[in-house]
Amino acid sequence: MIIKSTYNELLKIAYKPRSYIGIAGIMIIIAIILFAMKVDGSFYISLITGQFEQSLLFEGTILNGNLIAYIIIQMLIIHVPLLIAFVTGDLISGESAMGTIRLLLTKPVSRSTILLSKFFASCIYTFIVILCLAFMSFVLGKLFFGVGDLIVLKSDGLIVFQENDVSWRFFYGFAIAFLSLVTVATLALTLSCFSENSIGPIVTTMGIILLFTIIGSMDLPVFDTIRPFLFTTHMAAWRFFFDDPLNMTHILYSIAILVAYISVLLSISFYKFNKKYILS
Amino acid sequence: MLNLKQLLFLKLFILYSITILAQSPRTLLNQVQVKLNKATNYSADINIIVDLPYITLMPINSKLYYKQKDKFKIDTKSIAILPKQGFLQLNMLVNDTVNYTAIFQSKEIINKIKTSLVNLIPNNDTSDVVLAKLWVDQINQVIIKSQVTTKSSGTIKTEYIYGSQVFYGLPDDIKFTVDIKKFKIPKALSADINTSKTTKVEKKFGEINIKLKNYQINKGIADSVFDKTN
């Protein structure tokens, strides 16, 4: 029953034009980045190596597909949550606004199953977006710029990863990015349970992400205690896989925080959706 | 009490010694130059180990090509980091008898090897090199240590260990010690998480160790090898 219900929800997502905004947006942005890096990539390289070039010489192909993929993910991972919220913030509130929620809830399926199927559908949609991001950045990056070692700029220096040591880092990086995007999708879905129109949950999700990001990026001691508990702090956790050595404590902590957010938000949405009054 | 003859002899001896010392550094460098010029071209397998502050890089294996006078290439698909004034500068300094004056400073023993410390001072102030100190092994006529201070790259210290190819003056092991200026990068550019402030670290030193083996000397290397597009 849950599979059939999830399939139905996926069909609903597929038939909505807004579902393609995110994917189209990613494709356009990545195409622009690929073009810009092809034309003016050396400028970006000078940002990375410039501080060392007074005394050191860098040999080898620095501007390659791996670096392009890394740059793209770094740039897009901040914006993709907003594109995810466009779709997942509408899953319940959209049906409430159109009145189809009443029809949906007359089916011989429990409300929890319906909500769970919407959650799974939003996870699958998020997975497709991540897959699209991975393909465009990783595959097209390598196609246009070739392969090579990955040079990563950290706040305390440079790390050069050998080519054969990169793919698994991207794989796990995308996996944890998926988890962080599912957190956003769950937030939008939860807010969607409280609203009768689509705009509210989408704008509120964006507002929360914006607020948390601002708090997280402000270097004020007053926020030091709450910063580790903001999910936006852990949306960049994919970067932990580009540390050497890997800091498993940080990775597991980020995963725990994101899973905790998903669990709490899902519990709230279950409670709210099961109590939702649909007769008015 | 010294008599007139003894005084005259002493004066002549001092004059002779000064003349010998004034001539010997250039002579010594000429001997080094002759030795280095025996290898008109060579290639070697190299292993580069980088130990620099702010940079994490695994050791890489690569191939080095050199052809007189100034053709040099490291053939690598990996990212390699080398000192900016590395391989060619010393050859250039030793070969340049016009723009640099060689002055003998002292005799030193380094790793049980008797060396002459020769200073190279530029003859004009437009030179990038401010001062080059070369420790020359008098017996094998090779440079075993150098310290080159340039306006653009700071000071680079280099130590050479010779083995099978000492006849050509080619080392088996080179250790560069380079200045690394303070590294400062905005948080926004690095996009790190869990770091709250911009990192500022004071100037430090780093080492780049290059091991060379499987030399192929004077076997001929095509100019196309040094083409940047290859």
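What follows draws every value from the coordinates through simple rules; no lab data is involved. Model, not experiment: these values are computed from the prediction. Positions of Cβ are generated from backbone atoms using ideal geometry, with glycine treated the same way; all protein chains shown enter the neighbour counts.
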Partner chain coverage, peptide B:48-61 - average Cβ within 10 angstrom: 4
Run the quick spin-label model on residue A:144 and residue B:226: label points 7 Å from Cα toward the beta carbon, then report their separation in nm to one decimal. 3.5
HN-Hα J in Hz across the range A:59-73 - Karplus 6.51, -1.76, 1.60, θ = phi - 60°, x for Gly and Pro: 9, x, 8, 7, 7, 9, x, 5, 5, 4, 4, 5, 4, 4, 4
Protection proxy ranking of B:112-124, B:32-44 - average other beta-carbon atoms within 10 Å, highest first: B:32-44, B:112-124
Hey, quick one: spin label on residue A:246, modelled 7 Å out along Cα-Cβ, who in the range A:171-197 has an amide N within reach, i.e. under 18 Å? A:171-180
Order of A:216-227, B:158-169, A:94-105 by packing, highest average Cβ count within 10 Å first? B:158-169, A:94-105, A:216-227
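Averaging sequence separations of C-alpha pairs under 8 Å and six or more residues apart, then dividing by the length of chain A, give the relative contact order as a whole percent.
Result for chain A is 25 percent.
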Where the Cα atoms of the protein assembly as shown are projected onto their three principal axes, how long is each span, largest first, in whole Å? 130, 52, 37
For peptide B:68-79, the mean count of other chain Cβ atoms within 10 Å per residue Cβ is 4
